[in-house]
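Heads up: the structure comes next, in structure tokens.
A short reminder: the numbers here are calculations on the coordinates, not readings from a lab. Remember, predicted model here, so these are calculated numbers, not experimental data. Cβ placement follows ideal geometry from the backbone for every residue including glycine, while neighbour counts extend to all protein chains displayed.
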Amino acid sequence: MKQAVIIGASGGLGGALAQLLLKRGHWQVLGTYHQSDPLWQHPLMSWQALDIRAENEIAALMTHVSKIDLLINTTGILTSSHQGPEKSIRQFNAEHMMMSFEINSAPILNLAKYAQAALKASHKPIIVALSARVGSIADNNLGGWYSYRCAKAALNMAVKTLAIEWQRSLPNATLIAYHPGTVRTALSSPFLNPNTDRVTLSPEDAAEHCLQLLETLTPANSGTFWDWRGQKIPW
Ligand SMILES: NC(=O)c1ccc[n+]([C@@H]2O[C@H](COP(=O)([O-])OP(=O)(O)OC[C@H]3O[C@@H](n4cnc5c(N)ncnc54)[C@H](OP(=O)(O)O)[C@@H]3O)[C@@H](O)[C@H]2O)c1
């Protein structure tokens, strides 16, 4: 059996990825949830509560895992209780931005810190950080969404930097940043715009695209940024 850890399996994309892996029959999945209690069970699925902001909780989670073949971090926020994505600089609030960094950027590094031993136990570990195309500086033609864009750009830099370190210490690992497309989940649904978001994906289709791409990647692709169509996104 292969071992997957899906951080944020209670979310739209995380849940679909977990269910798709389980359907394949040769994956055991450890999924985490935070505020949404798990709504489904499976004999090969185990659930663990985790607040991704708490380093001690990440450390404790990883003590239960001896091998990880696939680690996908799907945690992310676009809005907080009092703030949505900024349309203009007038709406900028540094506190919201810091929260965005805490949940969108830092977790991949804390996960890497504590998952490293379990990843080393796999002969070909894959690590995926759910980023977003809006985190690409080169691709930023529309502006807006300051906090989310900056947090995902920081996540991208974390992925690139970690991939360089792992070339030496974890050379068999493939670590990528990934844009799943515009997926109809709780995170994005309130902001879907039929004029600009002409192609939207169900979480199930988005999960299929993601796993299909992972089958084609090798450690030589580590430290790169990909989209759901299997194309590289410039940083
Ligand atoms: N949907 C899109 O169109 C889209 C586009 C580009 C990129 N993305 C990225 O894809 C990823 C998945 O997004 P999604 O659309 O599936 O969103 P979602 O349905 O809202 O899921 C977000 C997940 O993050 C978890 N989470 C949030 N705060 C957390 C915390 N403090 N500790 C632990 N877990 C926490 C949530 O857990 P609980 O619900 O249990 O609290 C949930 O499992 C995100 O990184 C997002 O930025 C999504």
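Dipole size of region 80-175 about its Cα centre, with +1 on Lys/Arg Cβ and -1 on Asp/Glu Cβ: approximately 240 debye, rounded to the nearest 20. For a label point 7 Å from the Cα of residue 91 along Cα→C-beta, name the residues of region 155-191 whose backbone N is under 18 Å from it. Counting only backbone N, you get 186-191.
Remark: the residue 197-residue 80 segment gains 39.9 nm on full extension, using 0.36 nm per residue and subtracting the alpha carbon distance. Tell me, what is the FRET efficiency for residue 2 and residue 36 to the nearest 0.05, using R0 = 22 angstrom and their Cβ-Cβ distance as r? My answer for the efficiency is 0.30. By the count of other C-beta atoms within 10 Å, a proxy for reagent exposure, 209, 64 are ordered fewest to most as 64, 209. In the elastic network of the chain, a GNM with C-alpha springs shorter than 10 Å, the most mobile of 177, 60, 117 is 60. Using R₀ = 41 Å, calculate the FRET efficiency as 1/(1 + (r/R₀)^6) where r is the Cβ-Cβ separation of residue 229 and residue 59; round to 0.05. The calculated FRET efficiency here is 0.65. Remark: region 126-139, residue by residue, has Karplus-estimated 3J(HN,Hα) of 10, 10, 10, 9, 5, 9, 7, 4, 5, x, 7, 6, 5, 8 Hz, where x stands for each Gly or Pro and the curve is 6.51 cos²θ - 1.76 cosθ + 1.60 at θ = phi - 60°.
Pairwise Cα distances in the chain exceed 31 Å for 16 percent of all pairs. Build a GNM of the chain with springs between Cα atoms under 10 Å apart, and of 187, 155, 78 the one that fluctuates most is 187.
Structure shown: which of 124/232; 23/160; 113/160; 23/67 lie over 24 Å apart, alpha-carbon to alpha-carbon?
Working: 124/232 21 Å; 23/160 32 Å; 113/160 15 Å; 23/67 20 Å.
Beyond 24 Å between Cα atoms: 23/160.
Arranged from fewest to most other beta-carbon atoms within 10 Å of their beta carbon, 46, 122, 131 become 46, 122, 131. Under a Gaussian network description of the chain, with springs only between Cα atoms under 10 Å, the residue in 12, 143, 135 that fluctuates furthest is 143. Annotation: the residues 50, 217, sorted from fewest to most other C-beta atoms within 10 Å of their own C-beta, follow the order 217, 50.
Taking a ≥ b ≥ c as the square roots of the eigenvalues of the Cα gyration tensor of region 96-235, is the shape rounded (a/c under 1.5), prolate (a/b larger than b/c) or oblate? Here region 96-235 falls in the prolate category.
Think of the chain as a dipole: +1 on every Lys or Arg Cβ, -1 on every Asp or Glu Cβ, centred on the Cα centre; then among 146, 21, 173, 173 lies furthest on the positive end.
Residues whose amide H comes within less than 5 Å of that of residue 27, counting only those at least five positions distant or on another chain, are 2 (H built at 1.01 Å from N in the peptide plane). The charge dipole of region 2-227, taken about its Cα centre with unit charges on the Cβ of Lys, Arg, Asp and Glu (plus for the first two, minus for the last two), comes to roughly 340 debye.
Report the net charge of residues surrounding residue 80, where surrounding means a beta-carbon distance below 15 angstrom and charges are Lys +1, Arg +1, Asp -1, Glu -1. Present the calculation step by step, with values, prior to reporting the outcome.
Details: positive: 53; negative: 51, 86, 95, 102.
With Lys, Arg at +1 and Asp, Glu at -1, the net is -3.
Relative to the longest principal axis of the Cα atoms of the chain, the long axis of helix 12-24 lies at roughly 30 degrees.
Diagonalise the Cα gyration tensor of region 1-139 and give the resulting equivalent ellipsoid semi-axes, square root of 5 times each eigenvalue, largest first, whole Å.
On the way: eigenvalues 159, 52, 43 Å².
After scaling each eigenvalue by five and taking roots: 28, 16, 15 Å.
Helix 146-169 and the longest principal axis of the Cα set of the chain meet at an angle near 30°. Ordering 84, 54, 65 by Cα displacement along the dipole of the chain toward the positive end leaves 65 in first place; charges were set at the Cβ atoms of Lys, Arg (+1) and Asp, Glu (-1).
Taking only DSSP H segments of four or more residues, each worth -39500 (n - 2.57), what value at 222 nm results for the chain once the sum is divided by all its residues, to the nearest 500 deg cm²/dmol?
On the way: 6 runs with 81 residues, N = 235.
Dividing the helical sum by the residues of the chain leaves -11000 deg cm²/dmol.
Model label points for residue 205 and residue 138, set 7 angstrom from Cα along the Cα-to-Cβ axis, are 2.7 nm apart.
Here the 3J(HN,Hα) profile of region 186-195, calculated from phi with Karplus coefficients 6.51, -1.76 and 1.60 at θ = phi - 60°, is 4, 5, 9, 3, x, 10, 5, 10, x, 6 Hz, Gly and Pro shown as x.
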